[in-house]
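To start, the structure under review is shown below, and the notes come after it.
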Amino acid sequence: VLAAQLRDLYGYQVQAVHCIHGLDPDDAIWLEHNQALCASLGVSLTTPVLNIVYGGGVSPEDASRQERYRALLDITQASAKSALLLGHQADDQIESFLLALKRGSGPVGLAGMQLIVRDQRGTVLRPLLDLHKDEVEQILQVLGVPYVYDLSNSYLKFERNFVRLKVLPLLKERFPGVEGAILRSQKLCRYEHDLAQRLV
């Protein structure tokens with residue numbers, strides 16, 4: 001929706017990508033929703049089917065993420081002037097911080113995702129990082145844009161869902177300002193890492 005508005009304002013070209021994971025019975029629902037949404041926005045949609053292989057120490061989450069990025073970047077890298085626009089938001093950042101903390105990560109891992117990343121993959125943009133999920137949903141409701149709930153977000157077998165549904169509610173109940181504190185800590189980790197890189 002954001003990309004389509006930027007297209008209308010500034011003339012950018014927009015290509016939507018919906019990766020078909022083939023791991024969930026709701027795959028068809030998500031695909032149908034995205035096809036209808038893109039048709040209403042006048043945005044072309046590409047739907048690569050992923051080949052997800054996991055096991056041997058690789059979780060379904062990690063395997064899905066790797067395959068998804070491979071498919072997205074294959075399309076994005078077709079043009080040097082293109083950018084991959086992702087929908088990660090502030091709640092994703094908070095969950096990433098706690099997962100990185102569990103792994104014993106240093107400043108880079110704890111810093112979470114960045115608004116703009118330019119590396120060998122190209123340019124990756126995450127314009128929603130300062131908005132929480134409920135704020136994104138409110139914006140969609142005001143704009144009259146339908147959205148669907150990803151049922152896999154309720155599966156506690158996934159670490160991120162366990163953090164979101166079990167750990168964070170307890171932390172917020174005991175420490176009401178913990179989300180803002182985590183986001184501040186992430187920014188401090190990023191600043192310290194960037195400073196260290198410049199000094200090196």
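Looking at the chain only, what percent of DSSP beta bridges run antiparallel? Nearest 5 please.
Values: 5 of 12 bridges.
Counting only bridges with both partners in the chain, antiparallel ones make up about 40 percent.
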note = For residue 20, the net charge from surrounding residues (Cβ-Cβ under 12 Å; K, R +1; D, E -1) works out to -4
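How large a share of the accessible area of the chain, in percent, is made up of carbon and sulfur atoms when the probe is 1.4 Å and the other protein chains stay in place?
Details: 7250 of 12840 Å².
After summing per-atom areas, the C and S share lands at 56 percent.
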ask   = Alpha carbon centre of region 105-127 versus region 25-83: separation in Å?
value = 19 Å
Gyration tensor (alpha-carbon) shape descriptor, region 75-118, a/c threshold 1.5 = prolate
key: Charged-residue dipole, Cβ positions (Lys, Arg, Asp, Glu), the chain about Cα centre, Debye nearest 20   = 680 debye
note = Under 13 Å by backbone N from the virtual spin label 7 Å along Cα-to-Cβ at residue 181, the residues of region 147-174 are 171-174
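Local charge sum around residue 67 (other residues, Cβ-Cβ under 15 Å, Lys/Arg +1, Asp/Glu -1)? Before the final figure, lay out each step's value.
Details: positive: 65, 68, 70, 121; negative: 24, 27, 61, 62, 74.
Once all neighbours under 15 Å are counted, the net charge is -1.
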Where region 34-192 is the region considered: accessible area per residue in Å², 1.4 Å probe = 62 Å²
message = Give me log10 I(q)/I(0) at q = 0.08, 0.17 Å⁻¹ for the chain, Debye formula, one equal scatterer per alpha-carbon, no solvent.
response = -0.31, -1.53
message = Taking the Cα of residue 194, stepping 7 Å toward and past its beta carbon, and measuring to each backbone N in region 97-132: which are under 12 Å?
response = 114-117
inquiry  = Cβ neighbours within 10 Å, averaged per peptide: list 149-155, 115-121 in order, most packed at the top.
reply    = 149-155, 115-121
Cα-based shape type of region 86-200, given that a ≥ b ≥ c are square roots of the gyration tensor eigenvalues and the cut on a/c is 1.5 = oblate
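The values are calculated or read from the model by the stated rules, or taken from the named source; none is laboratory data. All values derive from a computational prediction rather than experimental measurement. For neighbour counting, all protein chains shown are included, and Cβ atoms are generated from backbone atoms with ideal geometry for every residue, glycine included. The area values use the complete protein model at the heavy-atom level, side chains included, leaving out ligands, DNA and RNA. Shrake-Rupley method; radii C 1.70, N 1.55, O 1.52, S 1.80 Å.
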